[in-house]
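Asker: Sharing a structure with you now.
The values are calculated or read from the model by the stated rules, or taken from the named source; none is laboratory data. Since we're looking at a predicted model, the values are computed, not measured. Heads up, the Cβs are rebuilt from the backbone with ideal geometry, glycines too, and the neighbour counts pull from every protein chain shown. Quick note on the areas: whole protein, heavy atoms, side chains included, nothing else; ligands and nucleic acids left out. Shrake-Rupley method; radii C 1.70, N 1.55, O 1.52, S 1.80 Å.
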Amino acid sequence: DGWIISAAFSNDGKYIITTSYDNTAKIWETETGEQIGKTMKHDGWIISAAFSNDGKYIVTASNDNTAKIWDAETGEQVGKTMRHDSNVNSAAFSPNGKYIVTASYDNTAKIWKAETGEQVGKTMKHDYYVNSATFSNDGKYIVTASYDNTAKIWNAKTGEQIGKTMKHNYWVNSASFSNDGKYIITASDDNTAKIWNTKTGEQMGEMKHDSDVNSAAFSPDGKYIVTASDDGTAKITELIPLQELLDKYNKL
């Protein structure tokens, strides 16, 4: 009954989860468009929703300061409601589905047990809003992006920061891992996207636009990066291994 904010497929492609300004999330069959299970409700807008990798559960993030876990077949809530002190901007499952990470405008990200909704590890802190938080594919690390102009890498079991804080000159809009987990790409309102070493937080490269960079992501094979900007363009950048660059240089 309100604008639809997000829509995402289950991994097997059989179902879709949608979220709306009407404070609800709904599950639909992909082939028929028919709703299945109960409508899932919050007390505020539902900003995002995601399936677990096995498709059994859904997590929703809302500006009512909470995230909730739901049974994907029935739409029934499972476990405790996960709470922050301000809007929850994103919520994502770990690859094995056992944990959830949430990002909030209360300047924190938190790790939770997916079965119970109980918090585990330390609360991960920034100095301003946390826009997003995501796990690496092996589930060992979490990367957060914040309006405090930084992204940070964390141990996904303990919530302890690892490596250096990754810094931009303005808000960091997104941060994500390469599929092999070795690198991170960040996108910022300082008109750049930057590549970082996951273990150390050291910067490896930089791509530029003429305005804010809203998002950036690696291709599945890790050979390319795509960036999207307020300058009206998206760009594809090829990543050339250092050894290949050295070999080309030596041939000159």
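Asker: Using modelled backbone amide H atoms (1.01 Å from N, in-plane), which distant-in-sequence or interchain residues come within less than 5 Å of residue 115's amide H?
Answerer: none
Asker: Now for a separate question. What order, most packed first, do the peptides 227-237, 29-39, 103-113 have when packing is the mean number of other Cβ atoms within 10 Å of each residue? Numbers along the way, then the final one.
Answerer: Details: 227-237: 15.0, 29-39: 11.9, 103-113: 23.5.
Those peptides, ordered most packed to least, come out 103-113, 227-237, 29-39.
Asker: Report the residue, chosen from 62, 219, 176, that carries the largest GNM mean-square fluctuation when the chain is represented by alpha-carbon nodes joined by springs under 10 Å.
Answerer: Sorting by GNM fluctuation, first place goes to 219.
Asker: What angle do you read, to the nearest 10 degrees and between 0 and 90, between the alpha-carbon axis of helix 242-251 and the longest principal axis of the chain?
Answerer: 20 degrees
Asker: Given a 1.4 Å probe, how much area per residue of the chain is accessible, in Å²?
Answerer: About 52 Å² of surface per residue is accessible.
Asker: If I model a spin label at residue 211 and residue 43 as a point 7 Å from the Cα along the Cα→Cβ vector, what separation in nanometres do I get?
Answerer: 3.8 nm
Asker: By a straight-distance test (C-alpha under 21 Å), which lysines pair with residue 182 as possible cross-link partners, with residues fewer than eight away in the same chain excluded?
Answerer: Straight-line reach from residue 182, under 21 Å: 140, 152, 157, 164, 167, 194, 199, 223.
Asker: Name the residues whose placed amide hydrogens come within less than 5 Å of the amide hydrogen of residue 239, ignoring near sequence neighbours (fewer than 5 apart) on the same chain.
Answerer: Sorted by chain and number, the residues that satisfy this are 224, 225.
Asker: If you take semi-axes √(5λ) of the Cα gyration tensor in Å from the coordinates, which of [x] 32, 20, 18; [y] 33, 24, 22; [z] 28, 25, 17 do you get?
Answerer: Looking at semi-axes √(5λ) of the Cα gyration tensor in Å for this model, the match is [x].
Asker: Mind listing which chymotrypsin sites (Phe, Trp or Tyr not before Pro) in region 143-232 are in a DSSP loop and have 14 or fewer other Cβ atoms within 10 Å?
Answerer: On the way: sites: 147, 154, 170, 171, 177, 183, 196, 218, 224; in loops: 147, 170, 171.
Those that pass, being in a loop and sparsely packed, are 170.
Asker: Hey, rough spin-label estimate for residue 85 and residue 157, points 7 angstrom out along Cα→Cβ, what's it come to in nanometres?
Answerer: Spacing of the two 7 Å Cα→Cβ label points: 2.9 nm.
Asker: Let me ask you something else. Share of the chain's accessible area from carbon and sulfur, percent, 1.4 Å?
Answerer: The computed percentage sits at 47.
Asker: Ok, one more. With charges only on Cβ, +1 for K and R and -1 for D and E, what is the dipole size of region 30-154 about its Cα centre, in debye, rounded to 20?
Answerer: The dipole of region 30-154 has a size of about 400 debye.
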